[in-house]
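Only one structure is covered here, and it is reproduced in the block below.
Laboratory data are not the source of any read-out in this text; all were calculated from the coordinates shown. From a predicted model like this one, the values you see are computed outputs, not experimental measurements. When we count neighbours, we look across all protein chains shown, and the Cβ atoms used for this are built from the backbone with ideal geometry, even at glycine.
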Amino acid sequence: MPHSTSPAVGGSELPNTFFLSIDGRGHRGATEADVIDPATEQSVGSCPMANAEMLSLAVSAASRAYPAWRAKPWAERSAAVQALSALLKAHRKTLVELLVREQGKPRLAAEWEIDSAAHWFAGIAGQELKDEQAPVEPGVVGTVRHVPIGVVAAIVPWNFPILLAVWKIAPALLTGNTMVLKPSPYTPLATLHFGLLAQQVLPPGVLNVVALPDTLAPLLPEHPDVGMIAFTGSTETGKKIMRAASGGIKRVALELGGNDPAIVLPDADVEAAAPALFWAAFQNSAQFCVATKRLYVHESIYDRFCHALVSYARTVKVGNGLAPDTGLGPVQNRAQFLKVCDLIDDTRRRGHRFLLGGTVPQQAGYFVPITIVDNPPDDARCVVEVSLPP
């Protein structure tokens with residue numbers, strides 16, 4: 001079932017109807033949910049949401065496709081993964097536009113994500129897991145074979161929706177697994193669009209893409225026919241997935257959040273370190289798991305470093321990702337926006353000093369000014385708490 005399209009800013013055409021991908025075909029959802037542009041708080045499009053029956057159909061399709069996909073020669077699966085890279089490149093303009101509108105990141109950042117995802121597909125396609133010979137005892141040699149698991153459930157967040165999906169799709173499919181992929185309900189559109197495109201180069205059932213409401217999301221990792229769960233997101237959700245996996249002793253790959261520090265030593269080149277550490281902290285509007293959340297700077301260079309960091313930060317524009325001079329976009333969704341606003345309010349109430357920012361303007365969009373707090377105590381909420389993708 002093909003997408004229909006409508007004109008978009010910049011001359012590209014965006015789909016105005018989206019479909020789930022189940023067993024090689026596009027399917028309408030049981031319900032629809034608006035996807036909100038975080039820069040405008042207006043609807044980007046309507047996302048089809050699967051019900052429990054549709055999810056079961058997707059897992060069943062992946063289960064049926066698994067034996068034949070596993071049996072294909074490695075070279076054929078490699079060629080299919082390489083073809084997915086080519087699809088990303090061929091549809092780059094549309095995917096970039098969708099990503100900017102639903103995720104909020106600047107166009108250059110969206111282009112980087114799509115290009116990196118294509119590069120990742122191509123790089124994984126060129127790898128191979130060969131059998132390994134290992135001596136067991138004198139005169140006895142064992143063979144280590146890497147065998148597929150079966151159906152992999154992939155659950156991706158909203159911060160890098162395409163790239164983090166590809167990180168799961170590429171190795172799983174290359175090694176002979178099939179997949180059911182669940183995008184974030186905040187950023188499902190580019191992923192759904194790519195999922196339907198992928199059916200052009202993959203056998204039916206090998207890659208199924210289904211959006212789910214939060215109430216049904218636990219059914220995917222709990223499904224008895226799912227053999228592995230690959231998840232990127234918050235630590236709290238990761239714990240729930242691990243508990244769900246334990247009932248069936250499923251394998252899990254969990255990429256979770258953290259509260260990462262950076263340390264600036266007294267011999268650092270301050271002028272070079274300040275811009276590098278700015279982007280280590282604020283890239284993607286600070287919405288990534290390895291972002292620097294705390295900066296520890298040696299007292300001998302503290303004032304000079306603060307000046308350099310603030311001076312550089314003032315050159316970076318926060319705005320709509322469609323604007324060519326935007327360096328940082330909005331926070332992706334209202335829930336995270338309110339969490340960040342609450343942390344800023346708490347910091348102000350406690351009398352901590354802001355080197356930059358500290359006031360969130362009342363305006364459309366989930367925009368938070370670049371905010372840097374000067375030497376807060378170790379027990380401050382802005383030090384110990386982290387706002388993470390759900």
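Quick look at the numbers
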read-out	value
Bridge type composition, the chain - antiparallel percent by DSSP, nearest 5	50 percent
Total formal charge among the other residues, if their Cβ is under 11 angstrom from that of A364, Lys/Arg +1 and Asp/Glu -1	-2
FRET efficiency, 1/(1 + (r/R0)^6) with R0 25 Å, evaluated for K317 and E13 via beta carbons	0.35
HN-Hα J in Hz across region 184-194 - Karplus 6.51, -1.76, 1.60, θ = phi - 60°, x for Gly and Pro	5, x, 7, 9, x, 6, 4, 5, 5, 4, 5
Potential lengthening between W279 and F354 on full extension [0.36 nm per residue; Cα-Cα distance subtracted]	25.1 nm
Percent of Cα-Cα distances greater than 18 Å, calculated over region 87-157	63 percent
For R304, net neighbour charge (Lys/Arg +1, Asp/Glu -1) across residues whose Cβ lies under 12 Å away	-4
Diffusion coefficient, µm² s⁻¹, Stokes-Einstein with Kirkwood Rh over alpha-carbon pairs of region 243-314 at 25 °C and 0.890 mPa s	173 µm²/s
Whole-Hz ³J(HN,Hα) from phi, Karplus 6.51 cos²θ - 1.76 cosθ + 1.60, for region 373-381, glycine and proline x	9, 8, 6, x, x, 4, 9, 5, 4
Projected label distance in nm at S300 and I263, using a 7 Å step from Cα toward the beta-carbon	1.5 nm
Rounded to whole Hz, the Karplus (6.51, -1.76, 1.60) HN-Hα couplings of region 76-81, x for glycine and proline	5, 5, 4, 5, 5, 5
Fully extended contour minus Cα-Cα distance, from H146 to D34, at 0.36 nm per residue	36.1 nm
Förster radius 35 Å - calculated FRET efficiency between K130 and E385, Cβ distance, rounded to 0.05	0.15
Column: log10 I(q)/I(0), Debye, Cα scatterers of the chain, q = 0.07, 0.13, 0.14 Å⁻¹	-0.36, -1.08, -1.20
Within straight-line cross-link reach of K250, aspartates and glutamates at Cα separation under 20 Å, skipping those fewer than 8 residues along the same chain	E222, D225, E236
Residue-averaged 222 nm ellipticity for the chain, from DSSP H runs of 4+ at -39500 (n - 2.57), nearest 500	-12500 deg cm²/dmol
Set K72/K240; K89/K339; K105/K168 screened for pairs whose C-alpha atoms are more than 32 Å apart	K72/K240; K89/K339
Expected-Rg normalisation [2.2 N^0.38 Å, Cα atoms] applied to region 260-384	1.05
Assigned charges on the beta-carbon of Lys, Arg, Asp, Glu; the chain dipole about Cα centre (debye)	600 debye
Long-range HN-HN contacts of T31 with modeled amide H, under 5 Å	M49
Kirkwood Rh in Å, taken over all unlike Cα pairs in region 58-101	12.6 Å
Relative exposure of H223, H298, judged by other C-beta atoms within 10 Å (fewest first)	H298, H223
Cβ-defined net charge surrounding L338, 15 Å radius [Lys, Arg +1; Asp, Glu -1]	-2
